[in-house]
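Written below as structure tokens is the structure these notes are about.
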Amino acid sequence: MQSQIEAAAAHQVAAPARFLTPASILILFGLNAYICENLFQAHFIDQMGSTAGPFIAISRWMMRHWHDLSWYPLWFTGMPFFRVYPPGLHVVVAAAASLFRLTPERSYFLVIALVYCLQPVTLYWLCYRASGFRSCAFAAGLAFSLISPSAFLASLVRHELGGIWFARRYHTLVYYGEAPHDAVLLLIPLAILFLHQAAVDRKRWFFPLACLVLAAVFLTNWPGSVGLMMALLAYGLSRVGADSLPVWLSLAASGAIAFAMVGRWIEPASLLPILRNAQQSDGTSFGWIHLLIAASAILILLGLHRLFQRFGVDRWLRFFMFFAFISGLVALTRFWTGFNLLPQGHRWQLEMEMAIIGAIVLLARPVLARLPFRVRIVLLALLALGALLQVRNYYRYAQSITHEVSPQDTIEYRASKWIEANFNQARVFVPGSVSLWLDAFTDVPQVGGCCDPSVPSFSHRLALYTIYTGENAGDRYIPAVLLWLQAYGAQAILITGPNSSEFFKPYARPDAFRNALPELWRDGDNVIYKVPSPSPSLAHVLDRSELVHRQPANGLDTAGLAVYVAGLERAGSQAEFQWINPHQARVRAQVAKGQIVSVQISYDPGWRATISGIAQPIRGDALGLMQIQPACTGSCDIDLVFDPGRHLANWAQMLGLILAVVWPFLFNRAQARRAAAERPSRPRPH
């Protein structure tokens, strides 16, 4: 009888406990949904300086070209589509827009609102597994929802937010447009959780899930992928001990398999240009001081490991502390000294925040457990009051930076639509936020675009820098700008003056263009000028002597450009260029013996040129554009096809998917054999 009563009592206690986890998740999600309610309702907001514009543009292109995502002709004189930006988030936005018949911008705001709300939820799951207590996990999710440690640690963050009690996570998402990075922040706890379940708890089917999450991270954002590497390193260090080999093997295998799975969309050959562009974007140059700091960091990590071992620190607490140290070292070094250990080091501030909050919660758990019950009740009441105040602060802050506007009221929209109506598919140069939003509204190709990791050549970067700054140019500024614009096939340029509502106003000398070029359109302090050009065609027949054989040393090193542009303007140099589809074009030209066809489209090894099915030599020039050496004279029809030929990547992807499923079985069997070999054998009976 007594046992039945005890069983009934246990059942009554367990029944409501089953609902605590979903209740906690719903509370965290609902609280964040309340804070970002404007995003759930938004069709278009007034943050024109954010990178939301390019992300919407990519999703918009996907929606209209699902069957042909190979070449993207709109930015930086064209580039392979999957080199524009990792496509993970944009696929979700485009798919949601197509499925629910939404505009791409409406879908974008809905998706990033969900990302914002789910970040604390995944941290809750990880902390619940780490601590074993829902209360600790809920505290971590709540703190991540309502506190920004970087505002306490960095004066620059406090200045940008206007105080320490405002929402840095929301600020980076909406003001800067860090949506892909935020999406990775949502996935990092899941990656660690699934890998732990696979490597430590030996639950086989969590390994394929871990590989899929890692692959999703690689497909979504490069800084976020580096943040994931920081988390994986911290997790591996936290498990160093007598039986750490299975953990490290699982980490290495999952990373390799995940990268094989995404090889069809992310080429290994593109990683080096991405790193180079990242360094050039903010002037980071790796040197001896980076090696010195890295060596010091390794010594500190080893010291922390010995300290943790000596005092028997919980391994999950070790993980969060290692993660906080690694991410904080990169982010805070940038905030405190202005020095970049990694390009744009401040971007890992949110990984640091997640790690700090997890570490504080796990540190506080044993302390709180020892407090008297009444003290805990009082502390809980104070925390609840603080949470309510923070919800109000965060809600008001989110409201203050998220205003619904009509796109027609923005200069970005008005200039884009005028250019579309008057230049059709001709290439243009537009600055700053107009460049970010031009292709969210139109399909007009441009000399610039987004984003820094995607710039196809250093010459493109020189062109943009010279046009914007005119540094040391003096009276040579306008002639140099014209040469760069003509070399890259621009037919018009938009100039935004100091009184423009364009967000960045990047031109150092906007008045220099007045009376220097024909004015086509004016809207306040925004003017579109015509760039002198004999033809909008992107193909030209040139003599070898007219080609650019040497990359300019700087933006004013224009002797080679002048010869090239003179060749473009020479009578008879024009060839007919026609796009057939986004990855295929045709050039019709009158070619004399020994002449070259220069095509003002970025060169990539995936381009193939043929005449009547016969392959023609094609290569890149010093400006990053295409040169074709046709084996014909007279009238020539040259077919251009972009075919990256990813057959090897397709096989690697298939192999990765198979290994993701097979690896846990092979690994567990190898571990069982190892354990059997190490088990002491019984002596045989005599």
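Only the coordinates and a few stated rules stand behind these numbers; no lab work does. Computed from a predicted model, the values in this text were never measured in an experiment. Note: ideal-geometry Cβ built from the backbone for every residue, glycine included; neighbour counts use all protein chains shown.
Using only side-chain charges placed at the Cβ, +1 for Lys and Arg and -1 for Asp and Glu, the dipole size of the range 316-438 relative to its Cα centre rounds to 640 debye.
How far, in nm, would the chain grow between Phe339 and Arg619 when pulled straight, counting 0.36 nm per residue and subtracting the alpha carbon separation?
On the way: separation 280, 0.36 × 280 = 100.80 nm, distance 3.85 nm.
Full extension of this stretch gives 96.9 nm more.
Legend: ranking of residues Val213, Val330, Val240 from fewest to most surrounding C-beta atoms inside 10 Å; resulting order Val240, Val213, Val330. Checking the a/c ratio against 1.5 first, then a/b against b/c, what shape does the Cα gyration tensor give for the range 240-315? Cα axes put the range 240-315 in the oblate bin.
As a calculated quantity, the FRET efficiency between Asp443 and Ala384 at R0 = 45 Å, using C-beta atoms, amounts to about 0.30.
To test your reading of the geometry: what angle, between 0 and 90 degrees and rounded to tens, separates the Cα axis of helix 411-423 from the longest principal axis of the chain? Helix 411-423 sits at roughly 40 degrees to that axis. Tell me, how many Å apart are the Cα centres for the range 393-424 and for the range 615-667? Centre-to-centre distance over Cα atoms comes out at 38 Å.
Going from the fewest other Cβ atoms within 10 Å to the most, the residues Arg570, Arg427, Arg365, Arg310 appear in the order Arg310, Arg570, Arg365, Arg427. Electrostatic bookkeeping for Asp409 treats Lys and Arg as +1 and Asp and Glu as -1; over the other residues with beta carbon under 15 Å from its beta carbon, the sum is -4. Counted by Cβ distance under 13 Å from Ile419, the other residues give a net charge of -1, where Lys and Arg count +1 and Asp and Glu count -1.
Using only Cα atoms, locate the centre of the range 434-456 and the centre of the range 536-555, then give the distance between them in Å, rounded to an integer. If we compute the Cα centre of each part, the gap is 23 Å. The range 91-105 and the range 158-224 have Cα centres lying 22 Å from one another. For the chain, Cys36, Cys117, Cys127, Cys136, Cys211 have no disulfide-compatible partner, since no other Cys C-beta lies under 4.7 Å from theirs.
Axis of helix 222-238 versus longest Cα principal axis of the chain: the two differ by about 30°, to the nearest ten degrees. Look at the Cα gyration tensor of the chain: its axes a ≥ b ≥ c give a/c of at least 1.5 with a/b over b/c, and that counts as prolate. Exposure proxy shown here: for His196, His403, His305, the number of other Cβ atoms within 10 Å sets the order, fewest to most, as His403, His305, His196. Relative to the longest principal axis of the Cα atoms of the chain, helix 271-282 runs at roughly 80 degrees. Within the straight-line cut-off of under 20 Å between alpha carbons, the lysines reachable from Lys505 are Lys417, Lys530, sequence neighbours fewer than 8 places apart in one chain being disregarded.
Local charge for Glu351 was computed over the other residues whose Cβ lies under 14 Å away, with Lys and Arg +1 and Asp and Glu -1, and equals +1. Taking 7 Å steps out from each Cα toward its Cβ at Leu271 and Arg570 produces label points 4.4 nm apart.
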